[in-house]
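See structure below.
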Amino acid sequence: MHKTLIIAHRGASGYEPENTLAAFRAAEALHADAIECDVQVCRSGEVVIFHDRKLKRITGAKGKLKRKKLPQLLSLDAGKGEHIPTLKETLDMLDARIDMNIELKSKRSALPAAQVVRNSIRTGHWKAANFFVSSFYFRELRRFHEAVPEIPVSLLYEKRPRHLKRRIHLLKPSAVHLNAKAVKDKWIETAHGLGLKVYVWTVDDPALAETLRAKGVDGFFSNYPDRLMKKK
Ligand code: G3P
Ligand code: CA
């Protein structure tokens, strides 16, 4: 059967606190093919890696991430004593040893994220081919694509994929990321017919992965990336 891409969802977040350097290191240690992370812009303008709009679930602190400056965010515990990382320090730490899927989680995150990524390519070992960028916000994805056209972009859907042909025409995406809860066989076929890879989120059950693999799915986002790897 074809090889599927295993992407560590928010890092290896089944083992270490999500979207932290510890989770990213764990993903690398488990030999995931790539890391998925969620980026947003905080009040002082830095691009930070964090999933929720509000700080509560992860850090216990009150308020919204976008209202806090970086020093305030850095003082919070994101789990097991880990801090909320910036995109820059994450890219510096990983140094292109593993590919990155950056999900543009908040509005107006595309251009600041593009700048960080461009700098990492200019000054470090990162290459455009090490990245793929996704977003539920099509406008953000488009902005990113216009800023750094050499980096592949992926369409991201929670429910039914819409406007696929028009979006393909505008962005030339390489993949579509579909929600496992909603994925349908015909969507896999349609996406493949349009030349897109199909990556499904979030899959932690090896049996489900096997079923989807047999249907032609090209990759999985998993909190436990090692569970989906074929034993040699
Ligand atoms: O990018 C796939 C997946 O991460 C999207 O959902 O809520 O985990 O960011 P969420
Ligand atoms: Ca995500």
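Below is a table of values for the structure above.
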quantity	calculated
Some residue of the stretch 14-21 being crowded, with 24+ Cβ neighbours inside 10 Å and in a strand (DSSP E or B)	no
Filter result for the condition that a residue is among the charged types (D, E, K, R) and in contact with a helix residue (DSSP H, G or I) (Cβ under 7 Å, 6 or more places away or on another chain), over Glu82, Glu89	Glu82
Matching residues, the stretch 25-45, being assigned to a helix (DSSP H, G or I) and more than 16 Å from the chain's Cα centre (by Cα)	Ala29
Count of the stretch 65-123 residues which are closer than 26 Å to Ser174 by Cα and of a type in the set (A, V, I, L, M)	15
Sole exception among (1) among the aliphatic types (A, V, I, L, M); (2) outside any strand (DSSP E or B); (3) within 16 Å of Val133 (Cα to Cα) for Val48, by number	(2)
In the stretch 138-168, the residues that are more than 19 Å from Asn101 (Cα to Cα) and within 16 Å of ligand 2 (Cβ to nearest atom)	Lys159
Filtered residue count, the stretch 208-223, keeping only those that are more than 16 Å from ligand 2 (Cβ to nearest atom) and either assigned to a loop (DSSP other than H, G, I, E, B) or touching a strand residue (DSSP E or B) at 6+ places or on another chain (Cβ under 7 Å) (or both)	6
Flag for Thr190 being touching a residue at least 12 places away in the same chain (Cβ under 8 Å), more than 16 Å from ligand 1 (Cβ to nearest atom), among the polar types (S, T, N, Q) and surrounded by fewer than 22 Cβ atoms within 10 Å (Cβ to Cβ)	yes
Lys107 basic (Lys, Arg), under 25 Å from Val133 (Cα atoms) and within 16 Å of ligand 2 (Cβ to nearest atom)	yes
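Read-outs throughout are calculated quantities, based only on the coordinates presented, and are distinct from any laboratory measurement. The structure presented is a predicted model; accordingly, all values stated were derived computationally and were not measured. Neighbour counts run over all protein chains shown; Cβ positions are idealised from the backbone, glycine included.
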